[in-house]
Amino acid sequence: MPWFHGKIRREEAECLLQPREDGLFLVRESTNFPGDYTLCVCYKNKVEHYRVIYKDNKLTIDEEEFFENLSQLVEHYQKDADGLCTRLRDSVPKRGGLEFSVDSKAFEKAGWVIPLADLDFGDCREVLGKGEFGDVRLAWYRGQKVAVKILIDSSKAAQSFLAEASLMTSLRHKNLVQLMGVVFDGGTICLVTEYMAKGSLVDYLRSRGRLHVTPRDQINFAIDTCAGMAYLESKHVVHRDLAARNVLISEECVAKVCDFGLAREESFNLEGGKFPIKWTAPEALKYHRFSNKSDMWSFGILLWEIYSFGRVPYPRIPLVDVVKHVEKGYKMEAPDGCPSEIYEIMRQAWDLDPEARPSFAVVLKKLESFLKKFQASANFHTSV
């Protein structure tokens, strides 16, 4: 809940709500009425303060619409002003960026906490994978399979872990892996997300190869990933570690981006051996400048992964020489069988000038246009 600022005064809220664009908002704890909240919204260069009260164990502003938690209330008024001065649009994130500490009570108040007892791990406790912070395990929650990311105890890791969870609560898109809740149990912290039955995109491509991954699959994976990234771009969220390993595939073969915003700048270390050099834009490598444009560079690499069926980028070039080659303008050749339209997107994504790279919104339109041409061609050959 980046929009939840805890106990701040009215004057502090008004200072934070800049520039005064209609619909810019935050939620704070009420200083005049302990236990209640205040929704602060910009409208016509002023800030309106709406008291959020508890009535019959539910939250309400007007005593007509009632909500189980703050997240439901915010989502409702993001869709429709419904009596407010304007519809809620962008929120002001809590100061301190990724450095802020997230109080577990904030998740509880917003309705995101899941009791550990509500998760059924069964007997096997199947490990789905290893994350930056710990194991990812399979469990059941309310009759459906979920993935549970379990934190390896560390105060610094806990802060980053909860910052990821806080970011995920504000993002909702069909091509992003959805957060379902957070578990706090003693010293244990878990993130509960939707279960993606077919694993990572890179493993999917490598294990199935050309015999089973069709050209239609490839373009669909590209469109799904680009749509998720276009949504993040619209929310001014930078992924920082986009790669086929960080895209998951659902039972229905829908690709969804995961670990968005999780790859912190301070966690990247060129000497540490974990920095994803082959996927990272030159300006991010050299100057630590991460942006939606550096994500676009990474998307170009991801496209190359899709059309090479999961090969490691820059084959035959030693890792230590990749940066030198890239800075001189080297671009990988198109994978075998890659359509020229797709390769052109890759080349545009790999422009050394970040501003010359296309946006995800523009690339999404190009990919959708390519899919229509592909479908028309497939239908023609079928009918002949």
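Output the residues belonging to the stretch 233-245 that are surrounded by 24 or more Cβ atoms within 10 Å (Cβ to Cβ) and either part of a helix (DSSP H, G or I) or free of Cβ contacts under 8 Å to residues at least 40 places away in the same chain (or both).
Ala244
Anything in the stretch 320-371 that is among the acidic types (Asp, Glu) and surrounded by fewer than 12 Cβ atoms within 10 Å (Cβ to Cβ)? List them, or say none. Reasoning before the result, please.
If we filter the stretch 320-371 for residues that are among the acidic types (Asp, Glu), which is where we start, we get 321, 327, 333, 336, 341, 344, 351, 353, 355, 368.
Result: Asp321, Glu333, Asp336, Asp353, Glu355.
Mind listing whichever residues of the stretch 322-335 are modelled with pLDDT of 95 or more and of a type in the set (Asp, Glu)?
Glu333
Only residues in the stretch 177-198 that are in a loop (DSSP other than H, G, I, E, B) count as the first member; pair them with residues that are among the aromatic types (Phe, Trp, Tyr), Cβ under 8 angstrom, at least 6 apart or cross-chain, and list the lot.
So the pair list comes out as Lys198/Tyr204.
Can you confirm whether Lys79 is surrounded by fewer than 13 Cβ atoms within 10 Å (Cβ to Cβ), within 19 Å of Arg172 (Cα to Cα), at pLDDT 90 or above and not assigned by the TED database to the domain that holds Val146?
Yes: the conditions hold for Lys79.
For (1) of a type in the set (A, V, I, L, M, F, W, C); (2) on the phi > 0 side of the Ramachandran plot, each residue gets a yes or a no:
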| site | (1), (2) |
| --- | --- |
| Gln18 | no, no |
| Asp22 | no, no |
| Arg28 | no, no |
| Asn32 | no, no |
| Thr38 | no, no |
| Lys46 | no, no |
| Val52 | yes, no |
| Asn57 | no, yes |
| Ile61 | yes, no |
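Just to check your reading of the model, which residue among Val363, Val326, Val312 is assigned to a helix (DSSP H, G or I), closer than 27 Å to Val213 by Cβ and under 28 Å from the mean Cα position of the chain (by Cα)?
Val363
Identify the residue in the stretch 36-59 that is farther than 20 Å from Ser71 by Cβ and among the charged types (D, E, K, R) and, among all such residues, is surrounded by the most Cβ atoms within 10 Å (Cβ to Cβ).
Looking at residues that are farther than 20 Å from Ser71 by Cβ and among the charged types (D, E, K, R), I get Glu48.
Restricting to the stretch 207-234, name every residue that is in contact with a helix residue (DSSP H, G or I) (Cβ under 8 Å, 6 or more places away or on another chain) and either over 13 Å from Cys253 (Cα atoms) or polar (S, T, N, Q) (or both).
Initial filter on the stretch 207-234 (in contact with a helix residue (DSSP H, G or I) (Cβ under 8 Å, 6 or more places away or on another chain)): 213, 215-216, 218-223, 225-227, 229-230, 232-234.
Within the stretch 207-234, Pro215, Gln218, Asn220, Thr225, Cys226, Ala227, Met229, Ala230, Leu232, Glu233, Ser234 qualify.
Given the conditions (1) farther than 26 Å from Pro2 by Cβ; (2) in the same structural domain as Asp118 (by the TED database), which single one is not true for Val183?
(1)
The values are calculated or read from the model by the stated rules, or taken from the named source; none is laboratory data. The shown structure was predicted, so the numbers you read here are calculated from the model rather than taken from an experiment. Cβ sites come from the backbone with ideal geometry, for glycine too, and all protein chains shown count toward neighbours.
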